[in-house]
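What follows is a set of notes on a single structure, which appears directly below.
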């Protein structure tokens, strides 16, 4: 192999580090969600005596939504960095997330898809609570979009399962 070929391969491999600032940006976005959560929580606490049960439920669903988005961000930050940039070497760390030990691009996609379904379900629940104030077509579109998320996640999981089975069969034949 020529020196130019080795340099080109090294540059291509090193280019994965261009993604590191993207993951840092997601950490900053997560800090914004922490701030948003604290603001919403303080609104709930300060207005507790003036809220109806429905108001409290909607605020709590909003808090759950923020937490689920933060969970999604953690999956993308930790799983994506580990999968596409560099190992985090957390094998002996007591706080290593269980799912990280078997993460790969396919598993990460399925986990992200199921997280999106959860977030969509929270939005749909908020819509159902406020259904009386919304047009029927808005509710139907939200249900349709949620179902697209569900079907997409199932398709991704099935595709990942097929790919994993193919890899296992290929290893058995070699």
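The listed residues are 121, 113, 157, and the only one of them that is under 18 Å from the mean Cα position of the chain (by Cα) and over 19 Å from residue 66 (Cα atoms) turns out to be 157.
Among the residues in the stretch 125-145, are any outside any loop (DSSP other than H, G, I, E, B), closer than 30 Å to residue 55 by Cβ and under 16 Å from the mean Cα position of the chain (by Cα)?
No: zero hits.
Among all positions in the stretch 111-123, there is no residue which is farther than 18 Å from residue 73 by Cα, crowded, with 17+ Cβ neighbours inside 10 Å, in the same structural domain as residue 159 (by TED's automatic domain parsing) and in contact (Cβ under 8 Å) with a residue 12 or more places away in the chain.
Inspect all residues belonging to the stretch 23-46 and state whether any of them is over 22 Å from the mean Cα position of the chain (by Cα), in contact (Cβ under 8 Å) with a residue 60 or more places away in the chain and not assigned by TED's automatic domain parsing to the domain that holds residue 155.
So the first thing to find is which residues in the stretch 23-46 are over 22 Å from the mean Cα position of the chain (by Cα), and the list is 39, 41-46.
With in contact (Cβ under 8 Å) with a residue 60 or more places away in the chain added as a condition, the list becomes none.
Scanning the stretch 23-46, I find no residue that is over 22 Å from the mean Cα position of the chain (by Cα), in contact (Cβ under 8 Å) with a residue 60 or more places away in the chain and not assigned by TED's automatic domain parsing to the domain that holds residue 155, so the answer is no.
What about residue 20, is it in a helix (DSSP H, G or I), surrounded by 11 or more Cβ atoms within 10 Å (Cβ to Cβ) and at pLDDT 95 or above? When the stated conditions are applied, residue 20 does not pass them. Within the stretch 75-98, can one find any residue that is touching a helix residue (DSSP H, G or I) at 6+ places or on another chain (Cβ under 9 Å), surrounded by fewer than 15 Cβ atoms within 10 Å (Cβ to Cβ) and in contact (Cβ under 8 Å) with a residue 40 or more places away in the chain? Checking the stretch 75-98: at least one residue is touching a helix residue (DSSP H, G or I) at 6+ places or on another chain (Cβ under 9 Å), surrounded by fewer than 15 Cβ atoms within 10 Å (Cβ to Cβ) and in contact (Cβ under 8 Å) with a residue 40 or more places away in the chain.
The values are calculated or read from the model by the stated rules, or taken from the named source; none is laboratory data. No experiment lies behind these values; they were computed from the predicted model shown. For neighbour counting, all protein chains shown are included, and Cβ atoms are generated from backbone atoms with ideal geometry for every residue, glycine included.
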